[in-house]
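Participant: First, the structure itself, so that you have it in front of you.
The values are calculated or read from the model by the stated rules, or taken from the named source; none is laboratory data. Remember, it's a predicted structure, so these values are computed and weren't measured experimentally. Don't worry about glycine lacking a Cβ; one is built from the backbone with ideal geometry, like all the others, and counts go over all protein chains shown.
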Amino acid sequence: MAHVPSDSVQESVTKSPSEDHVLPKETQLKDFISTLPAREGWSTPLIQYKKYWFRRQMLEKILLVQDTYKPRTDDIILATQPKCGTTWLKALAFTITNRSRYSFADHPLLTLHPQHVVPFIEIRSLGMDHIEFETLPSPRLLATHMPISMLPSDTRSRGCRIVYLCQDPKDTLVSRLHFENKVVKGCNLPMDNAFSMFCEGFSPYGPFWDHCREYWEDSLARPNNVLFMKYEEIMSDPVQGVRELAKFLGVPLTEEEESSGVAEEVVKLCSFETLTSLQVNQVGGVDAGNKAYLDNSVFFRKGKVGDWTNHMSQEMGEKLDSIVQLKLQGCGLVF
Ligand code: PAP
């Protein structure tokens with residue numbers, strides 16, 4: 001019988017939903033979520049669950065997928081915090097893992113948005129109304145923004161492979177602010193407010209540093225299962241990034257592929273320039289509810305490292321850097 005934790009909010013901060021209770025039905029879930037701390041500031045209020053902040057709908061889904069998503073050993077999970085390069089990672093991983101099926105001249109990404117080709121575990125993906133995970137053929141390529149500690153525990157026991165992509169927090173914040181203001185009708189959040197909230201660890205799926213740190217530490221403990229990548233590193237040597245991804249995903253580039261320039265082809269197809277030149281990524285979109293409309297084009301803005309300098313002061317950048325540095329102290333992860 002499904003039930004929600006009855007004791008207190010505190011319980012939700014210390015125990016995992018998959019650990020100690022059968023998952024609640026949706027109405028019970030809503031009741032449970034209404035007992036959690038909520039805070040306004042972003043375009044919609046965020047709810048705190050186990051130190052992380054989520055939109056209500058996301059949290060409902062996160063709790064539900066503990067029950068509905070059954071990890072398979074060969075699942076590949078692309079994990080990011082929002083605005084850290086999800087779209088790019090989806091394009092790269094999809095192209096790499098499907099390269100024996102599709103030619104570059106007639107590739108699905110020429111007519112499908114990268115967000116369409118890899119479904120999120122906990123979010124209704126752009127262009128996909130309902131995904132029956134069980135019906136997807138193996139190996140499944142899936143995406144998530146969930147912290148690693150909130151992935152169903154079977155992802156670990158079954159040895160699923162996880163690729164985590166993170167990005168400099170300053171650029172992530174800038175990207176987040178633009179996205180929020182563009183997607184949500186009537187939202188016009190100023191940078192100063194967004195900056196203060198982000199620095200407090202109050203952002204969708206934040207605190208930023210805890211999300212990165214969890215994946216980072218797991219990548220050190222389980223290097224064959226968790227690959228930790230940085231947006232800036234792929235950007236500075238994308239061919240090497242493709243090689244690294246292919247190797248980790250169990251489909252390393254062959255000598256023949258190396259000499260025929262397959263990695264370069266992958267990089268070119270998935271580049272910001274190519275993707276933004278395609279009609280599918282320029283027009284259309286979906287109503288995401290809650291006054292939000294997701295244009296296909298909204299996932300492509302600048303695609304540049306260091307754009308933060310155009311949107312916040314040097315002092316703000318230094319302040320955020322020092323907060324993140326302090327929070328990540330001792331774990332070896334630096335930005
Ligand atoms: P999501 O987490 O909401 O799915 P995500 O894809 O992480 O969004 O964020 C979009 C960012 O990735 C944008 O960054 P910007 O706002 O700083 O410009 C977007 O431009 C960038 N992006 C999208 N596609 C690519 C790509 N092919 N190469 C590099 N960056 C990309």
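Participant: Would you check which residues across region 40-99 are free of Cβ contacts under 8 Å to residues at least 40 places away in the same chain, within 21 Å of residue 189 (Cα to Cα) and assigned to a loop (DSSP other than H, G, I, E, B) and list them?
Facilitator: Residues satisfying the conditions are 40, 45.
Participant: Turning to a different aspect of this structure: Is it true that some residue in region 167-175 is outside any helix (DSSP H, G or I) and under 20 Å from residue 217 (Cα atoms)? Even if it seems obvious, please write down each step before you answer.
Facilitator: Kept after step one, since they are outside any helix (DSSP H, G or I), are these residues of region 167-175: 167-168.
From the residues that got through so far, the ones that are under 20 Å from residue 217 (Cα atoms) too are 167-168.
Checking region 167-175: at least one residue is outside any helix (DSSP H, G or I) and under 20 Å from residue 217 (Cα atoms).
Participant: Look at residue 241 and say whether it is within 29 Å of residue 106 (Cα to Cα), surrounded by 14 or more Cβ atoms within 10 Å (Cβ to Cβ) and at pLDDT 95 or above. Walk me through how you get there before you give the answer.
Facilitator: Working: within 29 Å of residue 106 (Cα to Cα): yes; surrounded by 14 or more Cβ atoms within 10 Å (Cβ to Cβ): yes; at pLDDT 95 or above: yes.
Taking the combined requirement at face value, the residue satisfies it.
Participant: Within the group 204, 169, 152, which residue is in contact with a strand residue (DSSP E or B) (Cβ under 7 Å, 6 or more places away or on another chain) and surrounded by 20 or more Cβ atoms within 10 Å (Cβ to Cβ)?
Facilitator: Details: 169 fails: in contact with a strand residue (DSSP E or B) (Cβ under 7 Å, 6 or more places away or on another chain); 152 fails: in contact with a strand residue (DSSP E or B) (Cβ under 7 Å, 6 or more places away or on another chain).
When all the criteria are applied, what remains is 204.
Participant: If residue 248 meets every condition in (1) more than 20 Å from the chain's Cα centre (by Cα); (2) in contact (Cβ under 8 Å) with a residue 24 or more places away in the chain; (3) within 20 Å of residue 96 (Cα to Cα) apart from one, which number is that one?
Facilitator: The number of the failed condition is (1).
Participant: What is the number of the single condition among (1) modelled with pLDDT of 95 or more; (2) within 14 Å of the ligand (Cβ to nearest atom); (3) on the phi > 0 side of the Ramachandran plot that residue 95 does not meet?
Facilitator: Unmet condition: (3).
For every residue, the table says whether it meets (1) within 16 Å of the ligand (Cβ to nearest atom); (2) modelled with pLDDT under 95; (3) within 18 Å of residue 58 (Cβ to Cβ).
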{"position": "129", "(1), (2), (3)": "no, yes, yes"}
{"position": "140", "(1), (2), (3)": "no, no, no"}
{"position": "146", "(1), (2), (3)": "yes, no, yes"}
{"position": "159", "(1), (2), (3)": "no, no, no"}
{"position": "208", "(1), (2), (3)": "yes, no, yes"}
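Participant: Here are 220, 227, 177: which of them is out of contact with any helix residue (DSSP H, G or I) (no Cβ under 8 Å at 6 or more places or on another chain) and of a type in the set (A, V, I, L, M, F, W, C)?
Facilitator: Numbers: 227 fails: out of contact with any helix residue (DSSP H, G or I) (no Cβ under 8 Å at 6 or more places or on another chain); 177 fails: out of contact with any helix residue (DSSP H, G or I) (no Cβ under 8 Å at 6 or more places or on another chain).
That would be 220, the only listed residue that is out of contact with any helix residue (DSSP H, G or I) (no Cβ under 8 Å at 6 or more places or on another chain) and of a type in the set (A, V, I, L, M, F, W, C).
Participant: Can you give me the ranges of the helices (runs of 4 or more DSSP H) entirely in region 242-285 with at least 3 residues that are touching a strand residue (DSSP E or B) at 6+ places or on another chain (Cβ under 7 Å), more than 13 Å from the ligand (Cβ to nearest atom) and not basic (Lys, Arg)? So that I can check it myself, show each step before the final result.
Facilitator: On the way: elements: 255-259, 262-270, 272-277.
Once the helices (runs of 4 or more DSSP H) in region 242-285 are filtered for at least 3 residues that are touching a strand residue (DSSP E or B) at 6+ places or on another chain (Cβ under 7 Å), more than 13 Å from the ligand (Cβ to nearest atom) and not basic (Lys, Arg), nothing remains.
Participant: Have a look at 183, 163 and point out the one that is over 24 Å from residue 221 (Cβ atoms), surrounded by 17 or more Cβ atoms within 10 Å (Cβ to Cβ), of a type in the set (Val, Ile, Thr) and touching a residue at least 24 places away in the same chain (Cβ under 8 Å). So that I can check it myself, show each step before the final result.
Facilitator: On the way: 163 fails: over 24 Å from residue 221 (Cβ atoms).
After applying the criteria, what remains is 183.
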